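The values are calculated or read from the model by the stated rules, or taken from the named source; none is laboratory data. In this text the structure is predicted, and so the values were computed from the model without any measurement. Positions of Cβ are generated from backbone atoms using ideal geometry, with glycine treated the same way; all protein chains shown enter the neighbour counts. Please note that ligands, DNA and RNA were not included when accessible areas were found on the heavy atoms of the full protein model with its side chains. Shrake-Rupley method; radii C 1.70, N 1.55, O 1.52, S 1.80 Å.
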Amino acid sequence: MVTWIAATGLAAVASVVSLALPAAGGPGAPLEWGGGPLTVDALPRITYVAHRGGAREVPENSMSGLMAAYRRGTAQVLDFDTRVLRDGTPVVFHDATLNRTTFLGGAVRDLDAGEWRGVRLRPRDGLPGSWRAERPPTVAEVLDRFGGRIVLMLEAKDPRGVDRLAALIRSRGLTRSVFVNTNDPEVARRVHDLGLLSQLWRSARQLRTDRPERWRSYVDLLDVDVRARDADLRRAVRSGVPRVWAHTVVTPAQRDRALALGCDGVITDAPGRLARRPARTPGAVMAALGR
C-alpha cells in the first residue's frame, strides 16, 4: 500500500541546477576523456566519491543532485543506490520504503514503473540552495545521462536486481565505468562473474573479523567504514584488493586519517567541503595523532 505524507515547509521553487550536460572536455567537465567511455583507468591516485550525490549538499539520489555534483567537479565518481520495483524496473532509491524522502509512504517494491512516475522526492530541510520536488530517476535514466562521462558507483540494495543491472550496464558499454556495490561477498562474486566491476562495503564491526585477502580474486574495490580501527583499515589496504576507499567521510580529519592509513579514495556526503580543505600529508596526520 502507498500512502500520502503531508508536505511541510517545502517551497515549490525551481532547482538552481541546470540539467544540461557540458560538452565533453568543455567548461564544467570534471575529467578529460576521449572518444570512448570514461573508465576507472582514468581515475586519479586519490579518488573522491559523491555519496548519494553528496547528501549533505544536494537532495540524495536525485537527478538534480547528481547533476550538481557532476558540474561542480569536486568528485570523480557519482554514487547512487538502487531498488527494484514490482515489475522488475531498477530505480534510484536508498530506503526500502518511500516515507523518509518522498511525499508518499509504503514499500518501493509495491510500485510498478507507471506508478513510479507519480513519486516526488521531498528535499530535506537545511540543504544549501533551492531545490524542487522531482521524480526519482530510474537506473536506466542515470546511466543514459552520465554513463561514460564520469565513473559511477551504484549499490544493489536488492540482490534480485543484479542481473537486470548487469544487462543495463553491458548494453551501454559501461562495464569498466560502473562499480556495483554490495555488503554481501557472495553477491560481489556474482557481480564479478557477470563481468562487472565489483565493490564490497564493510562496516567497522564486520572489519574486526574480516579476512579481506580472501576477496582479492573477485573484488575490485573494498569500501571500508572510516570508523574502523587503524589495524583493520591497514589490513584492508594490505589485502591485495586493488582499491580501498573509506566511507562515509564528512570531515577533513576523517579523510586525512583514512588517507594516512593507506586508503586511496574517500566516499563523502560533503565533496564540496572536502574540496575546500586540502588533504594533509600522511606524516603530518600520524604525528598529530601521536602514532
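By accessible area of protein heavy atoms, probe 1.4 Å, what ranking do 115, 141, 60, 134 get, highest first?
115, 141, 60, 134
Neighbours of residue 172, meaning other residues whose beta-carbon lies under 14 angstrom from its beta-carbon, give a summed charge of +3 when Lys and Arg score +1 and Asp and Glu score -1. Electrostatic tally near residue 86: other residues with Cβ closer than 10 Å to its Cβ, Lys and Arg +1, Asp and Glu -1, net -3.
Work out, step by step, the length gained on full extension between residue 127 and residue 95: first 0.36 nm times the residue separation, then minus their alpha carbon distance; give nm to one decimal.
Result: 9.6 nm gained on full extension.
Note that region 47-276 presents 37 Å² accessible area per residue, ligands and nucleic acids not counted, probe 1.4 Å.
For residue 213 and residue 186, compute 0.36 nm times the residue count separating them, minus their Cα-Cα distance, and round to one decimal in nm. Please list the in-between numbers first.
Numbers: separation 27, 0.36 × 27 = 9.72 nm, distance 1.47 nm.
So the extension gain works out to 8.3 nm.
What number, in percent, do you get for the relative contact order of region 47-276 if the mean sequence gap of Cα pairs under 8 Å and at least 6 apart is divided by its residue count? Display every interim value, and only then the final one.
Details: 481 pairs, mean separation 42.8, N = 230.
So the answer I get is 19 percent.
Each label point was placed 7 Å from the Cα along the Cα-to-Cβ direction; for residue 86 and residue 46 their separation is 4.9 nm. Geometric descriptor of region 73-157, per residue, is 108 Å³ (volume of the convex hull of the Cα atoms). Computed from the C-beta positions of residue 115 and residue 193 and an R0 of 30 Å, the FRET efficiency is 0.35 to the nearest 0.05. The rule of thumb for compact globular proteins, 2.2 N^0.38 Å, goes into the C-alpha radius of gyration of region 47-276 0.98 times.
Rounded to the nearest whole angstrom, the semi-axes of the ellipsoid equivalent to region 194-280, taken from the Cα gyration tensor as √(5λ), stand at 22, 14, 10, largest first. In this rough spin-label picture, where each label sits 7 Å from Cα along the Cβ direction, the residue 39-residue 230 distance is 3.9 nm. Other residues within the sphere of radius under 11 Å centred on the Cβ of residue 140, judged by their own Cβ, net out at +1 (K and R +1, D and E -1).
Placing a label point 7 Å from the Cα of residue 141 along the Cα-to-Cβ direction, the residues of region 75-92 whose backbone N falls under 18 Å of that point are 79-92.
How much of the accessible area of region 167-239, probe 1.4 Å, is carbon plus sulfur, in whole percent? Spell out each step's value before the answer.
Numbers: 1470 of 3380 Å².
So the carbon and sulfur contribution to the accessible surface is 44 percent.
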